[in-house]
Amino acid sequence: MAQLFSKKELYSIRNDISICELISNGLQITCQENGGLFKFQCPECNGFSTGVKKEANISRCFQCDKQFNTIEITMAALKLKFIDSVTFLQKFKNNPAHKSQKQKDTQAKDQHDSIIIDRILCLEKNVSVLTGYFDMLRRNIDQMKCQISQL
Ligand SMILES: [Zn+2]
């Protein structure tokens, strides 16, 4: 079988994708980070006796005594074969659309905020135009008063 992925590519997939980022955003595994300790629901036994070694980019379940690198946890969580898992991870690594939901929410919020700011600026402009009209009307009224008093 032809070599589908280069060693370099596999190395990069194991090391350049943060295991925590992958677990929480890529694989949408239930997880929590408490005081710097990252825990996730083990895809094998569903237990929470888990942890990650951030410096080795490896996750681990103490209950099933298993270690998962990025590829292994993808295989376990998505029930994918090796090749499909690596393909998934290549996409995850390269595609900015795989940004975390949080980042997407922030972006959407920023966009929403900028729309609101635009609207406020537009309203302010309208108010200043209206203020101009009122000044003009007031001047007209004053002129009319003058004319009336001269009648
Ligand atoms: Zn487990």
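Numbers below:
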read-out: Gap separating the Cα centres of the stretch 118-133 and the stretch 26-90, nearest whole Å; value: 55 Å
read-out: Rh (Kirkwood; distinct C-alpha pairs) - the chain, Å; value: 20.0 Å
read-out: Charge dipole (debye, nearest 20) of the stretch 7-98; +1 at Cβ of Lys and Arg, -1 at Cβ of Asp and Glu; value: 180 debye
read-out: For the chain, built as a Gaussian network whose Cα springs stay under 10 Å, the top-fluctuating residue of 19, 120, 71; value: 120
read-out: Lys, Arg +1 and Asp, Glu -1 on Cβ, resulting dipole of the stretch 101-151 about Cα centre, debye, nearest 20; value: 80 debye
read-out: Under-19-angstrom lysine pairs by C-alpha in the stretch 7-98, whenever the two are 8 or more apart or on separate chains; value: 16
read-out: Under-5 Å amide H pairs with residue 63, H placed in peptide plane, nonlocal only; value: 49
read-out: Helix-derived mean residue ellipticity, 222 nm - over the chain, DSSP H n ≥ 4, -39500 (n - 2.57), to 500; value: -18500 deg cm²/dmol
read-out: Burial ordering of 80, 137, fewest other beta-carbon atoms within 10 Å first; value: 137, 80
read-out: Per-selection Rg to Rh, the stretch 101-151 - Cα, Kirkwood hydrodynamic radius; value: 1.54
read-out: Charge dipole (the chain, unit charges on Cβ, about Cα centre) - positive-most of 23, 69, 82; value: 82
read-out: Percent RCO, i.e. relative contact order, over the chain, from Cα pairs under 8 Å lying at least 6 residues apart; value: 16 percent
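Bear in mind these aren't lab numbers, they're just calculated from the coordinates by the rules spelled out. The structure presented is a predicted model; accordingly, all values stated were derived computationally and were not measured. Heads up, the Cβs are rebuilt from the backbone with ideal geometry, glycines too, and the neighbour counts pull from every protein chain shown.
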